Amino acid sequence: MITELLRRIGPSADPGNNQRARDRLYSPPTNDPAEANFAEDWQEYVEPELARLFQSAIEVIEGDLKKMHADPVTGEATVSIPSDHLEAWIHGLNQARLVLTERHKLQDEDFDVETLPAGDPRAFLLLQLRIYAQLQWLFLRYLEGH
Amino acid sequence: MAETVVEEETKTSSAVDVPWNVVVHNDPVNLTAYVTRVFQKVFGYSKTRAEKHMLEVHNLGRSIVWTGARERAEAYVEQLHGYLLLSTLEKSV
């Protein structure tokens with residue numbers, strides 16, 4: 001289960017053509033209508049740089065996951081994450097959580113649900129979001145020296 | 001007849017450096033610990049100061065995290081977008 005969730009980080013972080021997700025990843029740098037030129041320049045010059053940055057984090061994660069190996073006896077899988085890859089993992093997990101939230105139009109109250117009725121299609125999604133958040137938190141704690 | 005050239009002295013109002021605010025807006029997804037870390041990394045803030053801004057964002061919906069020259073403010077907004085925080089540039093009133 002966890003292995004599958006890890007493999008889904010990259011695809012989950014990809015906004016594809018989902019406009020809500022794209023709008024979240026590439027939010028406007030100003031809310032001031034008088035700054036329209038700045039916003040246009042931003043779209044032209046900054047957003048492609050951001051896209052490259054976001055993609056590079058996902059590539060680091062997917063590179064680490066390619067080296068994941070399963071124990072043939074126990075079936076347990078192990079993935080080694082170099083400490084200098086943790087920033088990329090934190091970023092990629094964050095991006096995946098943002099994209100999933102927008103793609104599935106989740107609201108604040110959806111995150112407060114403790115239990116869902118059996119068969120509710122949101123159950124797996126919420127589990128995925130919680131595990132990604134937990135991993136992010138663990139990596140942040142590690143970087144803080146805890 | 002000699003032509004008289006009148007040179008007009010024009011007064012240009014130089015664009016006075018109006019300070020610009022870098023504002024971070026709340027969103028329900030970014031973890032509080034993540035937002036704190038980003039403020040520390042981008043602005044070099046102490047953990048206490050970074051947490052103060054994080055709590056402002058969380059409780060009030062936004063926080064002015066930095067104020068100063070436009071060019072630098074733009075660079076900060078770009079960095080914050082790189083960390084996927086909702087951030088905008090606005091004139092300091």
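Annotations for the structure displayed:
- B:Tyr83 fulfils the conditions (1) more than 8 Å from chain A (Cβ to nearest Cβ); (2) hydroxyl-bearing (Ser, Thr, Tyr); (3) surrounded by 14 or more Cβ atoms within 10 Å (Cβ to Cβ) except for a single criterion, (1).
- In region A:113-133 there is at least one residue matching the filter, namely being outside any helix (DSSP H, G or I) and β-branched (Val, Ile, Thr).
- Conditions (1) surrounded by fewer than 18 Cβ atoms within 10 Å (Cβ to Cβ); (2) under 8 Å from the mean Cα position of the chain (by Cα); (3) in contact (Cβ under 8 Å) with a residue 60 or more places away in the chain; number of the one not met by B:Leu89: (1)
- Scanning region B:40-72 for residues that are in contact with a Pro (Cβ under 9 Å, 6 or more places away or on another chain) and more than 10 Å from chain A (Cβ to nearest Cβ) yields B:Thr67, B:Gly68, B:Ala69.
- Taken over region A:10-43, residues that are facing chain B (nearest Cβ under 9 Å), hydroxyl-bearing (Ser, Thr, Tyr) and closer than 14 Å to A:Gln95 by Cβ amount to 2.
Residue-wise test of (1) touching a residue at least 12 places away in the same chain (Cβ under 8 Å); (2) exposed (fewer than 11 other Cβ atoms within 10 Å of the Cβ); (3) out of contact with any Lys or Arg (no Cβ under 8 Å at 6 or more places or on another chain); (4) of a type in the set (Ser, Thr, Tyr).
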position	(1), (2), (3), (4)
A:Trp42	yes, no, yes, no
A:Tyr45	no, yes, yes, yes
A:Leu65	yes, no, no, no
A:Ala88	yes, no, yes, no
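- In region A:90-107 there is at least one residue that is surrounded by fewer than 12 Cβ atoms within 10 Å (Cβ to Cβ), in contact (Cβ under 8 Å) with a residue 24 or more places away in the chain and within 14 Å of another protein chain (Cβ to nearest Cβ).
- Condition broken by B:Val22, with the remaining ones in (1) β-branched (Val, Ile, Thr); (2) crowded, with 21+ Cβ neighbours inside 10 Å; (3) closer than 27 Å to A:Arg130 by Cα satisfied: (3)
- Reported count of residues in region A:18-38, each being surrounded by 15 or more Cβ atoms within 10 Å (Cβ to Cβ), free of Cβ contacts under 8 Å to residues at least 24 places away in the same chain and of a type in the set (Gly, Ala, Ser), is 1.
Throughout, read-outs are computed from the coordinates displayed, never taken from laboratory work. Just so it is clear, the structure is predicted and the values come from calculations on it, not from any experiment. Glycine also receives a Cβ, built like all others from the backbone with ideal geometry; neighbour counts cover every protein chain displayed.
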